[in-house]
Amino acid sequence: MANKIKKGDEVIVVAGKDKGKRGTVIRMMENERIVVENINMAKKHTKPNPNKGEPGGILDKEMPLHISNVALFNPASGKGDRAGFKTLEDGKKVRVFKSSGEVVDI
């Protein structure tokens, strides 16, 4: 099954503590999880590593979200939208928004 959300897409969170926030997908993981920029932040306590020159302290880190908790952002409606697939006349398979039918990637 092809993924309906890809790296670089703008998504909106539909469930969880960050519900309603928008961000860009940074990384896709193999277990149906994605990392979204500045969403689902957690504190990570790190030890200093003098060999690498890394200081210790508390860092903010983006944690993965399940793909079902985000929706593709539709700029035309300003809301989250489901995505589907459509085959064009030239045989190319593209993603489309379910509500309007317009093509996501051009």
query: Can Val94 be described as free of Cβ contacts under 8 Å to residues at least 12 places away in the same chain, in a strand (DSSP E or B) and surrounded by 10 or more Cβ atoms within 10 Å (Cβ to Cβ)?
result: yes
message: Looking at Lys19, Lys61, can you tell me which residue is in a strand (DSSP E or B), open to solvent by 50 Å² or more (accessible area, probe 1.4 Å) and at negative phi?
response: Lys61
task: Assess whether Ile12 counts as being open to solvent by less than 90 Å² (accessible area, probe 1.4 Å), part of a strand (DSSP E or B), β-branched (Val, Ile, Thr) and touching a helix residue (DSSP H, G or I) at 6+ places or on another chain (Cβ under 6 Å).
output: no
message: If Ala71 satisfies all but one of (1) touching a residue at least 24 places away in the same chain (Cβ under 8 Å); (2) part of a loop (DSSP other than H, G, I, E, B); (3) among the small types (Gly, Ala, Ser), what's the number of the condition it fails?
response: (2)
Region 76-91 - residue that is touching a residue at least 24 places away in the same chain (Cβ under 8 Å) and open to solvent by 60 Å² or more (accessible area, probe 1.4 Å) and, of those, farthest from Gly23 (Cα to Cα): Phe85
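The values are calculated or read from the model by the stated rules, or taken from the named source; none is laboratory data. Treat the numbers as computed from the prediction; the structure is a model and nothing was measured. A quick note on method: Cβ atoms are made from the backbone with ideal geometry, for glycine too, and the neighbour counts reach across all protein chains shown. All accessible areas refer to the heavy atoms of the entire protein, side chains included, with ligands and DNA or RNA removed. Shrake-Rupley method; radii C 1.70, N 1.55, O 1.52, S 1.80 Å.
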